[in-house]
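The values are calculated or read from the model by the stated rules, or taken from the named source; none is laboratory data. The shown structure was predicted, so the numbers you read here are calculated from the model rather than taken from an experiment. Here Cβ is always computed from backbone atoms with ideal geometry, including for glycine, and neighbour counts include all displayed protein chains. Note: areas computed on protein heavy atoms with side chains; ligands, DNA, RNA excluded. Shrake-Rupley method; radii C 1.70, N 1.55, O 1.52, S 1.80 Å.
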Amino acid sequence: MAKDVTVASGLIGAEATGHSAGPLFMRVTPAVHTVAMLQMDVDRHAGILRAGGGRSRSTSDSHGGSRSRREEIACGQAWSHPWRPLAGPALLERLRVTGRPRPKVDPEFVFRLRCHLDAELATDSAGEGRGDGHGAPGQGSGSGAGAGAGAGPGGGEGSGASGPGDTLSRLSPLVVTKDRLTRVLSCEAHYVAAEFGERTPTPAMACGAIVDVLFRQLVCVGSIGDPMADGLAALSVDDHQRGLLSWIEQLLPRDREGLRAEVERQAEGLQLRWPALESGWLPRTQEAIRAQLAGGSVELSARVDLAIGRPAEDEASVAIVEIKSGARRPGHRADLHFYALVEALRSWAPPFVVATYYTRTGELDVDPVTDELLVEAAGRTLIGARALRRVADGIEPVGSPGTLCGSCAVLPECGPGRERLEGLGGRDTTRGEDR
């Protein structure tokens, strides 16, 4: 039964105007967990180690917090968690069984969603970035290179551009990726600095890049030899990773050994826990997925770490998995939702599930795909595409203070960012971008 397009339009419009588009935080009780789990976080029912070795259950205070936990933190004592990461068949079952029926393939709903995005983006393209109104039809679209890791904005011959607007106006279509969406929605000024400035490598970035290629090797080959050697060899054939490889080679011996130790630890966890995938499930690594909108003036582009499942017929049958070697964050769910939207638009059938697997801890966050999820992802993408187009047209980017301020290159010139830092006592304890 076809969905009413007014529902999709209404929810997208609510998102675009800043109003609530409805709750999407649902509880799921998969067979491999003993308690209900919010998709935003995992309730592990932590116990607390006491000096005598006993374990007590924490209790809530009047503020909803845990008195025992606060006391434990104040004393600097260690926590103990009975939770253990899923492994092998149990991990695979968690991916396959989401606690919800798999969505039916509904091309008409996807078509109407696409039509709404086409109309909104085409209107933006015609009405924005024209200055005195005499610009050429193709002007002001484009957003840099493709979605591959480390890809920069691209130069073009005879560049000499004076700013991001001049550069982006030569590039078509406007390419929207998960990273660009996250950055521009977090802070337009940070997006410009990250997209057109040099991004300094970090140990977290290096570990993430190496673990990514090791995961691909494990899925395709079934084994990992020397994790550091295998990882660097794989990165060496990717031109986009030359700068990162050079940075790794120049690390001090102590720092390089620290990176090696973390890579080996995560690779060991992968080999112990990640299940073997049957060839009949068509596992695909680093699969590029794209969907063009508004007559080709906008392209949604993604590269998924792992896609499993045959093309859908009557019922959604594809699972998408993103690999993260760093810390677990709520914002990672938005990346998954973007993947689900792009896959639905390009194949007319959404994945039945999108998930993030954290190689550092073995955690698996699973999101069943619903129509509501796709509508909210479309609304977020529409807002982000409009912001990207404004930057492409040379409009002054807006600075929005947030968790990216501490690692932002334009912080010295950014009033809102400096105010935020001063409010934190001059020390930003939040993490910026990592893998």
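A few notes on this one:
- Selected residue (criterion: farthest from A294 (Cα to Cα)) from residues of the stretch 356-370 that are crowded, with 21+ Cβ neighbours inside 10 Å and hydrophobic (A, V, I, L, M, F, W, C): V366
- Screening E108 against (1) modelled with pLDDT of 90 or more; (2) acidic (D, E); (3) buried (at least 16 other Cβ atoms within 10 Å of the Cβ) leaves a single unmet condition, (3).
- Taking the criterion of being over 24 Å from the mean Cα position of the chain (by Cα), part of a loop (DSSP other than H, G, I, E, B) and acidic (D, E), the only residue of the stretch 224-239 that qualifies is D226.
- The single residue among V176, V184 that is touching a His at 6+ places or on another chain (Cβ under 9 Å), surrounded by 18 or more Cβ atoms within 10 Å (Cβ to Cβ) and either among the polar types (S, T, N, Q) or at pLDDT 70 or above (or both) turns out to be V184.
- The residues of the stretch 344-375 that are assigned to a helix (DSSP H, G or I) and without any contact (Cβ under 8 Å) to a residue 60 or more places away in the chain, listed by number, are R346, S347.
- Contacts under 7 angstrom Cβ, first residue in the stretch 261-281 being touching a residue at least 24 places away in the same chain (Cβ under 8 Å) and under 21 Å from R94 (Cβ atoms), partner assigned to a helix (DSSP H, G or I) and β-branched (V, I, T), 6 or more apart: Q266/V211; L277/V219
- Verdict on L388 being over 29 Å from A87 (Cα atoms), modelled with pLDDT under 95 and either touching a Lys or Arg at 6+ places or on another chain (Cβ under 9 Å) or surrounded by 22 or more Cβ atoms within 10 Å (Cβ to Cβ) (or both): yes
- Identity of the residue in the stretch 292-343, free of Cβ contacts under 8 Å to residues at least 60 places away in the same chain, open to solvent by less than 30 Å² (accessible area, probe 1.4 Å) and not in a helix (DSSP H, G or I), that ends up farthest from V219 (Cα to Cα): V318
- Test: residue in the stretch 277-287 that is open to solvent by less than 10 Å² (accessible area, probe 1.4 Å), assigned to a strand (DSSP E or B), within 30 Å of C115 (Cβ to Cβ) and in contact with a strand residue (DSSP E or B) (Cβ under 7 Å, 6 or more places away or on another chain): no
- Any hit, the stretch 274-293, residues being of a type in the set (V, I, T) and within 27 Å of E363 (Cβ to Cβ): yes
- The set of residues in the stretch 206-246 that are surrounded by fewer than 17 Cβ atoms within 10 Å (Cβ to Cβ) and either touching a helix residue (DSSP H, G or I) at 6+ places or on another chain (Cβ under 7 Å) or within 24 Å of E278 (Cβ to Cβ) (or both) comprises R216, C220, V221, G222, S223, G225, S236, L245.
- Going through (1) open to solvent by 10 Å² or more (accessible area, probe 1.4 Å); (2) farther than 30 Å from R265 by Cα; (3) modelled with pLDDT of 95 or more one by one, S347 falls short only on (3).
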